[in-house]
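Chemist: Please see the structure below; I have some questions.
Since every read-out is calculated from the coordinates, none of them should be taken as a lab result. Because the structure is predicted, anything quoted here is derived from the model rather than measured.
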Amino acid sequence: MNPQTLRGVGRLAGQALALVTVVRAVRHARRDGDNLRLLDAVINALAVATTVAILVRELRERRLAAGGVERAVEEVAP
């Protein structure tokens, strides 16, 4: 695994930890009935989802560049 891919995987792991924090914030906000904190948690969840989507796209692009289109099609096809 090259350093760039490893860095991308590390960033994905960081986002997974951020998602755990968001889930906790949602639970606390719902329990307390705090709509403003709930909105904040939902916005943070959207930010995490967007970041993960960008990271996945970058990892796929690197894989395409490294192995060519045929390799990427084989990995996507069932």
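Chemist: What is the extension gain from Leu36 to Leu17, computed as 0.36 nm multiplied by their sequence separation minus the C-alpha to C-alpha distance, in nm to one decimal?
Modeler: Here the segment from Leu36 to Leu17 would lengthen by 4.6 nm.
Chemist: On to the next question. Can you work out ³J(HN,Hα) from phi for every residue in segment 29-42, in order, using Karplus 6.51 cos²θ - 1.76 cosθ + 1.60 and θ = phi - 60°, giving whole Hz and x for Gly and Pro?
Modeler: Going residue by residue, I get 5, 5, 4, 7, x, 9, 5, 5, 5, 5, 4, 4, 5, 5 Hz, with x marking Gly and Pro.
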